[in-house]
Amino acid sequence: MSYIPHVPYVPTPERVVRKMLEIAKAGPEDVIYDLGCGDGRIVVTAAKDFNVKKAVGIDINDERIKEATDNAKNNGVEGKVKILKANFFETDLSEATVVTMFLLTNVNEMLKPKLEKELKPGTRVVSHEFEMRGWTPKEVIKVEDGNMNHIVYLYIIGEHK
């Protein structure tokens, strides 16, 4: 699939980043993939504060790739964080134990078959703000950030239908 849907870049607030990783129970055994990683804040936080084994950020925008790479370097986690310039629809996600995303509902919809095909049962999928229609979330939490409320959805492959 060479189609690349346009998703506007909107950074996930730090408080939401933490909640996404907490709800996924991210830890030393995990390999995290962040689809549309932006400035890399999720993968950097996962590596630095949640001590994940490996964190992979995927984005197609050169500016975001540079920001994410610099962010990993500035936080001293380059060894654990890998930033890929790629279309996540064309990237093998099978090693992930946690997938995070802040995309749009229609993009989530297009991703569902890929996630179901490539991810192992038990893999946690965490979506900020946008649900995976037709999947049953394991958990849904609200996160307050200043005067805004955010919603985080947790799905577990094999238990999502």
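Things to note:
- Selection count, segment 72-85, where residues are more than 14 Å from the chain's Cα centre (by Cα), within 24 Å of residue 18 (Cβ to Cβ) and surrounded by fewer than 22 Cβ atoms within 10 Å (Cβ to Cβ): 8
- Filtered residues of segment 145-161 (kept if closer than 22 Å to residue 37 by Cα, in contact (Cβ under 8 Å) with a residue 24 or more places away in the chain and not aliphatic (A, V, I, L, M)): 145, 150, 153, 155
- Residues (of a type in the set (D, E, K, R), in contact (Cβ under 8 Å) with a residue 24 or more places away in the chain and surrounded by 15 or more Cβ atoms within 10 Å (Cβ to Cβ)) located in segment 86-115: 109, 114
- Cβ pairs under 8 Å, 6+ apart, first in segment 5-34 and within 20 Å of residue 115 (Cα to Cα), second surrounded by fewer than 17 Cβ atoms within 10 Å (Cβ to Cβ) and at pLDDT below 95: 5/104; 5/106; 5/110; 7/104
- The set of residues in segment 113-136 that are at pLDDT 95 or above and over 18 Å from residue 152 (Cβ atoms) comprises 113, 114, 116, 117, 118, 119, 120, 121, 122.
- Residue check, residue 71 part of a helix (DSSP H, G or I) and of a type in the set (S, T, N, Q): yes
- The single condition among (1) at pLDDT 95 or above; (2) out of contact with any helix residue (DSSP H, G or I) (no Cβ under 9 Å at 6 or more places or on another chain); (3) under 21 Å from residue 141 (Cβ atoms) that residue 69 does not satisfy is (3).
The values are calculated or read from the model by the stated rules, or taken from the named source; none is laboratory data. A quick note: this is a predicted structure, and the numbers were derived from the prediction, not measured. All Cβ positions, glycine included, derive from the backbone under ideal geometry; neighbour counts span all protein chains shown.
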